[in-house]
1. Counting just the Cα atoms, what span does region 53-105 cover along each of its three principal axes? Round to the nearest Å and put the largest first.
2. Ordered by packing density, taken as the mean number of other Cβ atoms within 10 Å over each peptide's residues, highest first, how do 308-314, 124-130 rank?
3. With the dipole of the chain worked out from charges on the C-beta (+1 for Lys and Arg, -1 for Asp and Glu) around the Cα centre, which of M187, V72, L53 lies farthest toward the positive end?
4. Per Stokes-Einstein, at 20 °C and 1.002 mPa s, what whole-number D in µm² s⁻¹ belongs to region 263-336, with the Kirkwood radius over Cα pairs as the hydrodynamic radius?
5. Among V208, N236, G250, whose Cα projects farthest towards the positive end of the dipole of region 178-254, with charges put on the beta-carbon of Lys, Arg (+1) and Asp, Glu (-1)?
6. Can you list the equivalent-ellipsoid semi-axes of region 203-257, largest first and in whole Å, using the square root of 5 times each Cα gyration tensor eigenvalue?
7. Taking 0.36 nm per residue of sequence separation and subtracting the Cα-Cα distance, how much length would be gained by fully extending the chain between A348 and T334, in nm to one decimal?
8. Averaged per residue, what accessible surface does the chain expose to a 1.4 Å probe, in Å²?
Amino acid sequence: LGASPVTVPGRIDTVGDVDVFRVIVPSKGVLVVRSSGGTDTVGLLLNRDGAGLEHNDDAETRSVDFGLTSSVTAGTYYLAVSRWESGGTGPYELQVEFQAIGDNFTDLWWIPSESGWGMNINQQSNIVFATLFTYAADGSPQWLVLSEGRLQADGSFSGTLYRTAGPAFGANPWSPAGVTLAAVGTMRIAFTGADNATLDYTLDGIAVAKNIERQRFASPATTCKWSVFDRSYAFNYQDLWWKPTESGWGINFTQQGTVLFATLFNYDEQGRNAWYAMTNGARVSGGTDRWSGALYRLTGPRFDTAPWTAVTPREVGTMSVDFTEGNAGTLSYTINGISVSKSIERQAFAPLRPECDGVDNDE
């Protein structure tokens, strides 16, 4: 495999036939395999010794084609393709490609000694979308966004930092035409390991430097790999979510074990930039994949306060989210007696996207 995808025809000729392809990977990166053609096939990726690494039947709910997105190192791999129904035959086609890219850092990040502020990082391909949750000079919650942090030659991600204002969260209809965007500084994130990074940003001319780490609040810990598919079969919802017709607000879900942590970035009743947190969303028993919990608004010290001081949480309502499948759901919340319900979906802005795991699917 080189820089361009390779297309390979195949055919299950007889009942029980298994086709095996040898794949030579040039360096560390991501191997992507897609099937097409209408024949219901299954793909199994094996290492050079024949040990199974991962397998897939249907990558997305919209088709019977399998798909694999696997982090690999340089070397030889084998791909076994068979028919799902043991008695079936038929043609298929494979598209195989390689992308030289490292780990995925999608997660909730913080400093344990500075509880009360944090940052959600969503990485897709070589772009980082980061939402920073902190406080303005008057102690009110404010969020800032690095909407396009690009990979730099030194391995860091950097770009322009923005502050927004917009329609109140309860506006109906909610129009993105009312959102204003102002550049207020820059941000740079340099990952120094799998679980650590340095954060440097300027806001209104004030420079801040922090050493941050992944926030762990439940077990098992969640890790994110890469996927080029829509993740409609995913059971872990850790990602950046939005409503495409209402660009300007969104919500981050961080899922660890049986806890769903949500950060809603929106605008308060006066249209000011504000954020809210569901810190302990629990799965609700019943026929749907529903999560619910108390919703909080926090006040705290100005973003550059050193040493950091305590924040004050105030319960302002509740939040629930019903996931109809891995790529779609309904978000419902109440803030100060005002109720809102929205359809939401994962926000996709680059070809390679996070697919996270670590949740116990038998819960």
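The values are calculated or read from the model by the stated rules, or taken from the named source; none is laboratory data. Bear in mind that the values here come from a model prediction, so they are computed numbers and not experimental data. All Cβ positions, even for glycine, are placed from backbone atoms using ideal geometry, and neighbour counts span all protein chains on display. Areas reflect the complete protein model, heavy atoms only, side chains present, ligands, DNA and RNA absent. Shrake-Rupley method; radii C 1.70, N 1.55, O 1.52, S 1.80 Å.
1. Principal extents (Cα only, largest first): 40, 26, 18 Å.
2. Working: 308-314: 12.3, 124-130: 20.6.
Descending mean neighbour count gives 124-130, 308-314.
3. M187
4. It diffuses with D of about 153 µm²/s by this estimate.
5. Among V208, N236, G250, the one farthest towards the positive end of the dipole of region 178-254 is N236.
6. On the way: eigenvalues 132, 86, 23 Å².
Semi-axes (√(5λ), whole Å): 26, 21, 11.
7. On the way: separation 14, 0.36 × 14 = 5.04 nm, distance 2.68 nm.
2.4 nm is the gain from fully extending A348 to T334.
8. Details: 15520 Å² over 363 residues.
Ligands and nucleic acids excluded, the figure is 43 Å² per residue.
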